[in-house]
Every structure is written in C-alpha cells, then in structure tokens.
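The values are calculated or read from the model by the stated rules, or taken from the named source; none is laboratory data. Quantities reported herein were computed from a predicted structural model and do not represent experimental measurements. Every residue, glycine among them, receives a Cβ derived from its backbone with ideal geometry; neighbour counts consider all protein chains shown. What goes into the accessible areas is simple: the full protein's heavy atoms, side chains included, and nothing from ligands, DNA or RNA. Shrake-Rupley method; radii C 1.70, N 1.55, O 1.52, S 1.80 Å.
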Amino acid sequence: MKLYKFSFALMLGIGTLTSCSDKLELTNPNDPTTGTFGNTTQDLEDAVIACYHHTRMEGTYARVGYTLECCRGDEVWNVAQSWNHLSADNLNVSIDNSEVAWIWRDWFYVINITNFVITKCGEDDSALSEAMKRIKGQALFIRGLAYYNLSNFYQNPPLILDYNSYSSLEGLYAANHEEGETDPNAQYDRVLDQVEKDFSEAMTLLPTRDAGGEWAKGRATSGAAAGYYARALMQRHKYSQALTVLKDIIAGNYGHYELMKNYGDNFREGSAYENNAESLYEVQFLDYGSQGSDDEWTPVNISKNASQGNALEANFAPASTGSWQDLAAAPWLYWLFKEGDKTKDGKLDPRLYWTLGTYETDWETYSDGLGNMCYTEKMSDENPAVVNTVNGGIPVAKYTNFRTGLYASVVTGLKCGINIRIMRYADVLLRAAECENEVSGPTQQAIDWINEVRRRANLNDLSLADFNTADKLFEQIANVERPKEFGCEAGRCYDLIRWGFFHDANRLQQLKEHGAYKLAADVKEKIIYGASGVASTFDKYQKGHEYFPVYQNYMNVNSSLVGNSANKDLDNSVYFTKNGWTVHPVVDLSK
C-alpha cells in the first residue's frame with residue numbers, strides 16, 4: 001500500500017514536470033540568493049551566528065577595536081612607539097588613518113547583518129514565536145553593542161536601521177547629521193537614543209541565562225542586554241534610571257550572577273573558566289589547539305579554515321615570548337597596586353598578578369605553585385619580563401597565557417583562544433555604587449557594593465565614615481577601585497568621556513600624570529610626570545580628539561557624511577555643560 005502511494009505520487013510529480021516544464025522555476029536549496037534566504041526561522045538562526053561572528057573581527061574585538069580602546073585610556077601605552085597604536089595613544093589620530101577606520105568598517109558590517117535579521121523579524125514583537133523572539137533579541141543586542149561602540153569611538157556615526165536602505169561601506173547613504181546641522185553631538189544623542197531602545201527591547205525578548213540553560217552559553221541574554229542598557233544610560237548621566245536596572249541585575253531578575261572566587265578565572269581559556277557565573281557577556285573564541293590555520297583580518301575573507309582566535313596576546317605579551325610587543329601597562333597602574341591597599345595578610349592585591357606580568361616576591365607560591373612564571377620561564381628580580389627590549393615596559397598579563405604555564409611562546413596572529421569578557425558582574429557592582437553615589441551621595445549601600453568586589457581580593461572593607469562627600473567616593477571608585485579591577489581592559493576611555501575628564505584642567509593634568517612614561521626605563525622605575533625625560537600619552541591631546549576622526553576617504557566617497565569633533569578640533573565641553581553635567585573635582589584620597 002505504501003509503495004503504491006509512493007509510485008502514484010512520483011507519477012503525478014513527473015506528469016506535472018512534463019506538462020509545465022516551460023513555466024517551472026527550479027531553485028537550488030543549497031545555493032540561496034538574497035531573494036530566497038531569510039524567510040525561515042532556520043535561515044535567521046544562521047544569520048544570527050553571522051552577527052556574532054563579525055564581532056570578533058580585526059576592527060571589533062579580535063585586535064584593533066580592543067587594543068586601540070585600551071590605548072585611549074590611561075593604563076596602557078604604546079611601548080613600541082609605532083604603528084596606528086601610537087596616534088591612538090596620543091589622541092591625535094589623523095583623518096587619513098585607514099587602519100583606525102577598520103573599527104568603523106567592521107562594526108558597520110555587524111550592523112548590516114543585524115539589520116537584515118531585524119528587518120526580517122518585523123516590528124510586531126507580540127506576533128513572534130519564542131524562537132523568533134530570541135533571534136530578534138540577539139540581533140537587537142548586537143546592533144546596540146555596535147552603535148554603543150561606534151558612538152564612543154567616532155561620536156556621530158550614521159544611523160542605519162533598515163536593511164533595505166543599506167548600500168556599501170564606502171558610500172554609506174545615511175547622513176550622520178540633519179540638514180544644516182553643525183554640532184556632532186546632536187547625532188551622538190540620536191545614536192545613543194537608539195542604543196537604549198535596542199538594549200531595552202532586547203531585555204524583553206531574551207531569556208535570562210538561567211532560563212536559557214545550555215542555549216545561553218556564549219549568547220546574549222536579558223542580563224547582558226540589561227547590563228549594557230545601564231552602561232548606555234550612564235554614558236549620558238542617567239544615573240537614577242541606570243541604578244534601577246543595576247539593582248534588578250543584582251537582585252537576580254535577569255539570572256544569577258556572582259563573583260568568581262578566583263579573579264584570574266575571568267581571563268583564562270577553557271570550559272572550566274569561560275562563560276562563568278561572573279560573565280554577563282563575552283566574545284567567543286576557539287581554544288588554542290582547536291583552531292584552523294587561516295587568520296581573517298578583514299570581514300570579507302571568510303575562510304572555512306579560519307583560526308577564530310584573537311590577537312590581544314600578540315600585542316600584550318613580552319618580547320621574550322615572540323610577541324609583537326606593541327603595548328605595555330602604564331607605570332601608574334603598577335604603582336597604584338604596589339603602594340595601594342594590601343590584603344588582610346599584608347600581601348599585594350592578587351589582581352596585580354593577573355593584570356600585569358611583573359616579578360614579585362609575594363608571587364613565589366601563587367596560583368597553584370606557578371608563581372613568578374612568564375609562560376614557561378621562571379622570572380627573577382634580575383630577569384623580569386619586558387614588553388619591548390628597547391623601551392622597557394610592563395607586560396599586560398590579562399587575556400594572555402602569561403600566568404597559565406600552558407605554552408612557552410606566543411603564536412602571533414589571531415591565535416589566542418581566551419574569550420574576552422566584555423561585561424562582568426564586578427562591573428555591575430561598581431557601576432551600581434557609582435550611580436548610588438551620584439543619586440544619593442555616599443551611602444552604606446554604595447560602600448557595601450564596593451566592598452563585595454574588594455573582599456574577593458581579600459582587602460579590608462572601606463568605611464562610610466572615611467567618605468564624607470560624593471566627590472571623595474567618586475575619586476575612590478574612578479581612580480582606585482575601577483582601574484584595579486578593570487585595568488588594561490577596554491572601555492576606560494568611555495568612562496573618561498562620560499566623566500568629563502577631558503573638559504577640566506585638573507582632570508586633564510591627572511590624566512597626564514597617569515599616562516606618564518620614560519623610554520628605556522627600568523620596568524619598576526617609578527615615573528614622575530614633569531621629571532627629566534618623562535613624557536605622557538596625553539601631552540598631545542587636542543580638544544575633540546577624545547574621539548577618533550571620521551575617515552576622510554569615507555567622507556570623500558559619501559557627501560552625506562561630515563566630520564566629528566576630532567575632524568574639526570571642536571571643544572565638547574559646551575555639550576557637557578549644556579546638559580547640566582559637572583566634572584567631579586580631583587580629591588586627594590590620602591587626606
């Protein structure tokens with residue numbers, strides 16, 4: 001009976017093909033076109049994977065997008081004194097710097113793909129299945145992430161929200177200004193309005209990490225969207241709104257998060273450490289040894305044998321390991337640890353061990369006996385690790401295998417397999433403390449959140465009695481707690497921008513002191529700004545250059561684009577004060 005039915009159906013099919021052969025259009029399902037792809041849930045699931053993939057390219061998080069942002073802060077400097085990191089470090093990037101423009105290029109590739117998914121999902125979220133809600137939520141989160149980064153790098157990127165209106169990277173048809181408009185901050189506000197909208201909508205569509213279960217590992221969740229929503233709100237001093245969101249994260253409304261017992265577990269590869277309980281969101285890279293051989297430096301070279309790693313290690317690691325030795329930690333950060341709070345048993349803050357690759361007697365038996373190991377070589381006080389053998393420099397240990405003892409040398413290129421945790425629960429706690437301080441002044445609640453982070457490092461608790469003003473507690477958060485917890489992680493310049501440090505003479509002087517370095521200096525020599533032979537990465541800062549300029553070639557191709565404050569040397573302090581924001585004065589914490 002079954003065979004009869006099959007034969008009848010086959011004959012019917014043949015008859016149909018025979019009688020209609022002159023009209024039938026045959027579509028190869030293995031060769032989708034722009035007209036056929038994206039009309040099924042599975043197609044859009046595949047497209048979402050492409051969205052994630054492009055966040056780990058050269059200009060996003062695989063190297064330049066991350067390391068150039070580190071340079072813009074005050075805890076990393078260009079020890080090689082070369083390549084595009086130098087102009088980024090000095091905050092004087094030229095309008096014809098094509099390498100810095102890779103960040104713009106690669107994030108707009110991300111936006112193009114997310115717009116495809118979002119456009120296919122439609123505007124009515126209530127009509128979506130649960131699977132489609134997750135698809136749209138992920139695309140919204142990634143688009144929000146793209147524009148959050150673009151606005152903080154370039155100030156006024158064009159806002160493109162519909163896939164059908166997208167043209168090409170070289171000739172973006174969307175304008176980054178309204179007709180007759182001259183203030184790039186107007187577009188900055190429009191972009192951040194959309195960023196807030198994307199993250200807040202993603203919060204409603206995505207499951208928590210707990211509800212998502214195995215599916216949620218490595219993906220955006222409502223907790224990730226909530227964390228970045230709070231970040232976006234804080235960028236324009238919406239501290240009260242951000243505090244509400246951060247409290248909800250702490251309360252577990254977006255899933256359970258907690259600090260890892262070992263701080264170093266946030267910077268190691270492998271399933272035992274990655275996508276852990278502290279991570280709200282991280283960029284996924286294949287573990288070393290499981291990768292392909294082909295480095296994908298540009299988003300158009302899609303190799304089936306892609307390495308799928310990052311190149312941060314090749315920038316941060318010391319010269320003796322075979323790295324590119326481009327970047328080093330600012331001496332200020334090292335001395336902040338050395339002269340700062342000791343642990344309850346009188347030892348150095350253990351976060352120093354995982355942040356900077358220096359030799360310390362306190363580390364002899366640290367980390368399961370590895371101690372003062374630089375990859376697989378034992379260090380000594382006479383033989384410390386140095387980033388650049390000509391200029392000195394303190395190695396950055398984060399997002400490298402400096403402390404793991406797994407490998408003897410660095411394989412340069414996109415080969416490092418450590419996932420980059422771009423938002424951790426520690427950030428939620430310290431941001432909540434900052435918002436609480438901005439809204440209500442120094443409170444015991446703000447102190448408690450800070451102490452939760454300090455206790456992981458076995459430091460003594462702060463006391464509310466020692467912080468009689470909001471200015472003093474802000475100083476503690478901004479220039480002690482945050483750099484020690486997040487030193488040499490990207491995002492510091494985003495904070496400097498929202499804090500207004502570029503608009504205040506005393507704060508700019510403080511940045512110059514933090515960014516001070518001396519070429520050919522001993523790794524542990526204390527650098528004093530103003531001393532002979534000492535320079536700073538902030539000496540050449542010009543008004544408006546806290547942002548990178550819009551690449552001139554993009555403006556040549558597309559007349560709809562105009563430059564930002566860096567192109568025009570505009571002072572952004574007018575925008576800052578117009579919004580009623582103030583810069584916290586410098587406070588001497590020793591008094």
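Laid out as a table, the results:
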{"read-out": "Failed condition for A226, given (1) free of Cβ contacts under 8 Å to residues at least 60 places away in the same chain; (2) under 18 Å from the mean Cα position of the chain (by Cα); (3) over 12 Å from T208 (Cβ atoms)", "value": "(3)"}
{"read-out": "Filter result for the condition that a residue is surrounded by fewer than 17 Cβ atoms within 10 Å (Cβ to Cβ) and among the aliphatic types (A, V, I, L, M), over A146, A186", "value": "A186"}
{"read-out": "Residue tally, condition of a type in the set (F, W, Y) and under 19 Å from W335 (Cβ atoms), over segment 359-407", "value": "2"}
{"read-out": "Only one of F548, F576 that is among the aromatic types (F, W, Y) and either touching a strand residue (DSSP E or B) at 6+ places or on another chain (Cβ under 7 Å) or in a loop (DSSP other than H, G, I, E, B) (or both)", "value": "F548"}
{"read-out": "Number of positions in segment 504-529 that are open to solvent by 70 Å² or more (accessible area, probe 1.4 Å) and either β-branched (V, I, T) or touching a Cys at 6+ places or on another chain (Cβ under 8 Å) (or both)", "value": "1"}
{"read-out": "Hits in segment 355-368 - residues which are under 14 Å from F402 (Cα atoms) and either open to solvent by less than 10 Å² (accessible area, probe 1.4 Å) or over 30 Å from the mean Cα position of the chain (by Cα) (or both)", "value": "T355, L356, G357, T358, W363"}
{"read-out": "Looking only at segment 200-224, and only at residues there that are part of a helix (DSSP H, G or I) and aliphatic (A, V, I, L, M), the one that is nearest to Y257 (Cα to Cα)", "value": "A224"}
{"read-out": "Residues located in segment 29-84, provided they are in contact (Cβ under 8 Å) with a residue 24 or more places away in the chain and of a type in the set (F, W, Y)", "value": "Y52, Y61, Y66, W77, W83"}
{"read-out": "Verdict on E296 being of a type outside the set (A, V, I, L, M), at negative phi, outside any helix (DSSP H, G or I) and at pLDDT 95 or above", "value": "no"}
{"read-out": "Hits in segment 147-165 - residues which are without any contact (Cβ under 8 Å) to a residue 60 or more places away in the chain and either more than 19 Å from N185 (Cα to Cα) or hydrophobic (A, V, I, L, M, F, W, C) (or both)", "value": "L150, L159, I160, L161, D162, Y163, N164, S165"}
{"read-out": "T208 being open to solvent by less than 50 Å² (accessible area, probe 1.4 Å), touching a Cys at 6+ places or on another chain (Cβ under 8 Å) and of a type in the set (S, T, Y)", "value": "no"}
{"read-out": "Matching helices (runs of 4 or more DSSP H) fully within segment 49-145 where at least 2 residues are touching a strand residue (DSSP E or B) at 6+ places or on another chain (Cβ under 6 Å) and among the acidic types (D, E)", "value": "none"}
{"read-out": "Flag for N558 being polar (S, T, N, Q), on the phi < 0 side of the Ramachandran plot, buried (at least 17 other Cβ atoms within 10 Å of the Cβ) and under 25 Å from the mean Cα position of the chain (by Cα)", "value": "no"}
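Condition check ((1) surrounded by 24 or more Cβ atoms within 10 Å (Cβ to Cβ); (2) at pLDDT below 95; (3) under 21 Å from the mean Cα position of the chain (by Cα)) across all residues:
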position	(1), (2), (3)
Q42	no, no, no
E45	no, no, no
C51	yes, no, yes
A62	yes, no, yes
V76	yes, no, yes
N84	no, yes, yes
I95	no, no, no
V110	yes, no, yes
